[in-house]
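Quick notes on the structure that follows.
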Amino acid sequence: MRKTIILTVFMLAVALLSAACQANKGTAPEEEGTLVKVDGGSYRDLSVAGLQKQMENKDFTLINVHIPFEGNLPETDLSIPYDTITHNLDMLPGDKDAKIILYCRSGSMSTTAAKELVKLGYTNIWQLAGGMNAWAAAGLPIER
């Protein structure tokens, strides 16, 4: 009887530990974004909350790639149309490992630009998932 109780308690402990590990698997703080693998490497999708957190200690270049111009997020450093980003590399940081965060209105243009930069060897590219639409939906300001 005692062996049965010990075995039952042990099995319950293993099950609880396993469930706890599975619940945390794949989760990361908001500011770490979600890794997206593409040809030539990867970039990260970043939530609005993640971008807000990263803006507390801004260590990146924030680029609006939307055309036509419909406004900027606060602290935007550059506006480069997504379809000309490969022709404007001289405007980007010289270090291909420097953090660059891209955004557009909805996320589609910034995704295209992110893929292009990754193909060109940039290794620290991020894009705001949902773009300015997600930013505005969270009640945050857009500079017009």
| Under 13 Å, Cβ to Cβ, from P74 - net charge with Lys/Arg +1 and Asp/Glu -1 | -2
| How large is ³J(HN,Hα) for each residue in the range 65-77, as worked out from phi by the Karplus curve 6.51 cos²θ - 1.76 cosθ + 1.60 (θ = phi - 60°), to whole Hz, x for Gly and Pro? | 10, 6, 10, x, 4, 10, x, 10, 6, x, 6, 5, 8
| query | What is the packing order of peptides 77-86, 102-111, taking the mean over residues of other C-beta atoms within 10 Å and listing the highest first? | reply | 102-111, 77-86
| request: Under 15 Å from the Cβ of V65, count the other residues' Cβ atoms, weight Lys and Arg +1, Asp and Glu -1, and hand me the total. | output: -3
| request: Note down the Stokes-Einstein diffusion coefficient of the range 29-137 in µm²/s, whole number, using a Kirkwood radius over alpha carbon pairs, 25 °C, and 0.890 mPa s. | output: 183 µm²/s
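Any read-out appearing in this document is the output of simple, stated calculations on the displayed coordinates, not a laboratory observation. Predicted, not measured: the structure shown is a model, and the values here were computed from it. Using ideal geometry, Cβ is built from the backbone for each residue, glycine included, and neighbour counts are taken over all protein chains shown.
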